[in-house]
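Structure first, then comments.
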Amino acid sequence: MSHTALRYLWVSCIVMVYGLGALTAYAQSLPSQPISLADWGVTSRAQIGFVSLGIVHKQRGDEMVIYDIRTKRPVVREPKGTQGRIPSFEGDVFVVGNFNRGNVNRLGGYFNGFAKRPSQSSVVIEQAPDGAPALTFSYINKQPGFAGFWTHLFDFKAPPAKQIFLDISPFAYLTFAIRGEKGDEDLALQVADRIWEKKEDSLWIGDVASFLPSGKIDTSWQRAWIPLSPLTTRLDQKQLASIVFQVQGERSGRVFIRDLAFTRKKDIPIPMAQDDNVTYSSLDKAMWLWETETILTSQQELQTLLAFCTNQGITDLFVQIPYTARKENGGWKISWNSSTMRHLIAELHQAGIKVHALDGDPRFALRQWHGRVIALIQEIIRHNQSVPAPERFDGIRYDNEPYLLPNFGGIQKQQVLKEYLELLETSQLLAHEAGLTFGVDIPFWFDSLNEFFEPTAAVDGRPMSERILDVVDNVGIMDYRTIAYGADGVIAHATDELRYAARLGKKVFVGLETVTLPDETIYEFGTNGGGSALLITQVDERRVELTWVPEGTEVPADGALLLRETRAIAVPSSKITFDRKTLQDLREVTRHTEGELRQFSSFQGFAIHSYESYRPWLIKRTQ
């Protein structure tokens with residue numbers, strides 16, 4: 001996220017000298033978090049030069065989550081020289097994308113909408129009014145905001161050294177087919193090379209209407225032909241990065257685009273996409289159930305659950321097991337009411353729903369907690385061995401989230417992940433010996449790179465998602481996004497896991513969220529910057545406390561290290577959960593996602609989190 005110089009300007013404020021007691025009281029009034037220096041690989045607070053953290057805006061007040069602490073911010077090195085490549089093509093045309101399906105084009109580039117409030121935009125692959133599939137841009141443009149969309153001509157998720165841009169030197173024209181929903185839509189065409197892209201900007205080329213035969217966008221398909229020769233002096237034609245469309249004027253509407261290509265000649269035929277006539281099997285639908293005790297103690301609640309699952313087509317229920325655990329004779333003693341579970345399982349089976357015994361806690365990833373987890377699995381196996389088939393569990397499921405451990409982002413990450421894999425391997429053996437399927441839930445970013453192009457979660461050089469899929473029968477990707485397409489949508493975040501799972505013959509549920517969640521702002525702090533501040537005070541020889549100080553608040557200086565804000569990114573909860581979205585929003589995202597992901601044999605269906613939020617959410621939207 002770019003900022004203006006004014007945003008970075010450090011405004012001097014009155015510096016007050018605090019005593020230790022006053023400083024402690026001051027810190028308690030603001031979001032703060034103590035840390036162990038050793039967990040982050042530093043020996044003193046003076047070494048801390050870069051911090052990334054989140055301020056979670058909860059109703060009861062802001063809370064801090066720490067993501068990264070280092071001696072300095074890593075530098076992403078940009079390669080020198082040209083990184084363009086002429087694509088492989090036949091005849092006189094190279095088709096970047098037909099936009100009949102797919103989340104990336106033939107160059108590995110994503111498409112995505114952009115908008116500044118109060119404007120809005122979205123981009124999906126949808127049928128145009130004539131039934132033809134097309135890139136569909138929906139927008140509401142209002143001042144002082146703006147709205148538009150772009151399609152990249154390179155894979156921006158790749159490290160800079162591997163980013164290959166488009167060399168258009170063999171071509172004479174950029175061309176695409178376009179139509180509007182109502183006619184008279186007004187778009188500007190802009191283009192960016194590598195340098196413009198790095199500046200998060202693009203070069204204005206002209207009104208799209210000026211390149212059309214009729215001189216305007218109307219409700220029929222027209223083909224635009226844009227000569228490339230005028231661009232050669234304004235852009236690096238060997239490193240073209242993106243094509244941008246931006247709405248002009250205050251208006252709302254929908255525009256459809258197909259068959260984007262570069263050609264040697266004008267007015268030549270553009271190859272059309274082939275229809276996909278593949279027949280797919282039906283999908284499953286899973287749901288998490290956490291408050292199982294409520295169901296077990298009320299026949300009415302059980303009937304409500306059964307009716308809801310039947311109505312919503314639930315095929316798999318991840319059921320939290322109510323139990324207590326205590327250390328006894330060097331091991332773990334599990335206490336739970338197996339008899340009450342028998343009735344619940346039988347009723348769910350009668351309704352055609354598979355039952356997976358669910359449990360989860362971030363601590364369970366650590367070796368000292370493995371005995372407790374294994375003890376519960378053994379209890380579940382004993383239960384299955386002692387009851388008739390209709391009353392038995394079908395599988396074991398973990399929703400452990402080791403990244404919620406306070407030291408996960410530090411130097412112990414590798415060890416935490418390795419210990420978690422040990423637990424999964426042991427659990428898988430026990431489950432399979434007992435004829436149970438074994439699945440776990442994972443975040444979508446277990447196979448991702450961070451902003452410095454470092455693996456976010458990897459063990460011995462391999463993504464954690466792959467290491468987990470090697471062991472388990474299925475995963476549920478916590479793919480918590482509320483848009484289907486784009487680089488940060490549900491489709492993009494699930495694709496790599498689905499592709500790898502298909503190679504192994506494993507299955508994947510794509511999880512969506514309906515729980516109420518708070519907004520968050522992610523901050524980075526360094527030795528230079530402005531805006532808010534981060535106060536680092538000494539607690540004892542091994543620990544320090546981090547306190548976030550909002551912009552405009554007086555900053556104490558006595559006995560504290562001060563870092564300054566270098567970046568702030570707003571993460572609204574509406575990006576993550578459907579809690580504030582409509583039923584139509586959820587249906588469109590699942591429909592688009594299903595259409596793209598059915599190509600993978602590993603795609604088992606969707607999983608909704610969770611019964612406790614999904615049911616009341618649906619009731620409100622169907623009344």
Quiz item: How large is the convex hull of the Cα atoms of the range 523-562 per residue, expressed in Å³ as a whole number?
Solution: 77
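Rank the residues Lys507, Lys199 as a footprinting-exposure proxy: fewest other Cβ atoms within 10 Å of their Cβ go first.
Lys199, Lys507
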Quiz item: Can you give the direction-averaged projected area of the convex hull of the alpha-carbon atoms in the chain, in nm²?
Solution: 32.4
Exercise. On a C-alpha basis, how far is the centre of the range 156-199 from the centre of the range 244-275 in Å? Whole number, if you could?
Key: 11
Quiz item: Long-range amide H contacts for Glu185: which residues qualify at under 5 Å (H placed 1.01 Å from N, peptide plane, sequence gap of 5 or more or a different chain)?
Solution: Ile217
Quiz item: Given Lys162/Lys199; Lys72/Lys418; Lys142/Lys238; Lys142/Lys198, which pairs have Cα atoms separated by over 30 Å?
Solution: Lys142/Lys238
Self-check item: Global size of the range 424-559 as Cα Rg and Dmax, reported in angstrom
Solution: 20.7, 63
Practice problem: Identify, among Ser202, Thr233, Ala158, the residue whose Cα sits farthest towards the positive end of the charge dipole of the range 93-263, taking +1 on the Cβ of Lys and Arg and -1 on the Cβ of Asp and Glu, with the dipole about the Cα centre. | Solution: Ala158
Exercise. For Ser448, list long-range residues whose amide hydrogen, built 1.01 Å from N in the peptide plane, is under 5 Å from its own amide hydrogen.
Key: Thr456, Ala457
Quiz prompt | Residue-averaged 222 nm ellipticity for the chain, from DSSP H runs of 4+ at -39500 (n - 2.57), nearest 500 | solution = -7000 deg cm²/dmol
Quiz item: Which one of Pro550, Leu562, Pro572 is farthest out on the positive end of the charge dipole of the range 539-590, using unit charges on Cβ (Lys, Arg +1; Asp, Glu -1) and the Cα centre as origin?
Solution: Pro572
Quiz item: Hey, which lysines would be in cross-link range of Lys285, C-alpha to C-alpha under 27 Å, not counting anything within fewer than 8 residues on its own chain?
Solution: Lys354, Lys506, Lys507, Lys575, Lys581, Lys620
Quiz item: For the chain, what are the DSSP H helices with axial Cα length of 15 Å or more and mean Kyte-Doolittle hydropathy of at least -1.0?
Solution: 299-312, 338-350, 370-386, 413-433, 490-504
Exercise. Place the peptides 467-479, 578-590 in order of packing, highest mean first, counting for every residue the other Cβ atoms within 10 Å and averaging per peptide.
Key: 467-479, 578-590
Practice problem: Convert 25 °C to kelvin, take the viscosity as 0.890 mPa s, use the Kirkwood radius over C-alpha pairs of the range 93-263 as Rh, and evaluate the Stokes-Einstein diffusion coefficient in µm²/s, rounded to a whole number. | Solution: 153
Practice problem: Go through the range 51-68 residue by residue and turn each phi into a ³J(HN,Hα) via Karplus (6.51, -1.76, 1.60, θ = phi - 60°); whole Hz please, and just put x for glycine and proline. | Solution: 9, 10, 8, x, 9, 8, 8, 7, 4, 7, x, 6, 10, 9, 10, 9, 10, 7
Self-check item: 5 angstrom amide H check on Ser119, placed H, neighbours 5+ away
Solution: Lys142, Gly145, Phe146
Quiz prompt | Hz values of 3J(HN,Hα) by residue in the range 287-294 - Karplus curve (6.51, -1.76, 1.60), Gly and Pro given as x | solution = 8, 7, 10, 9, 8, 5, 4, 4
Quiz item: In whole Hz, what ³J(HN,Hα) sequence does the range 165-174 give by Karplus (6.51, -1.76, 1.60; θ = phi - 60°), x for Gly and Pro?
Solution: 9, 8, 8, 9, 4, x, 9, 10, 9, 9
Self-check item: Bins of 5 Å, starting at 0 and running to the largest distance - Cα pair percent for the range 151-214
Solution: 3, 12, 21, 21, 17, 13, 8, 3, 1
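FYI, it's all coordinate maths here, none of it is from the lab. Note that the structure is a prediction, hence the values are computed from the model and not measured. Cβ sites come from the backbone with ideal geometry, for glycine too, and all protein chains shown count toward neighbours.
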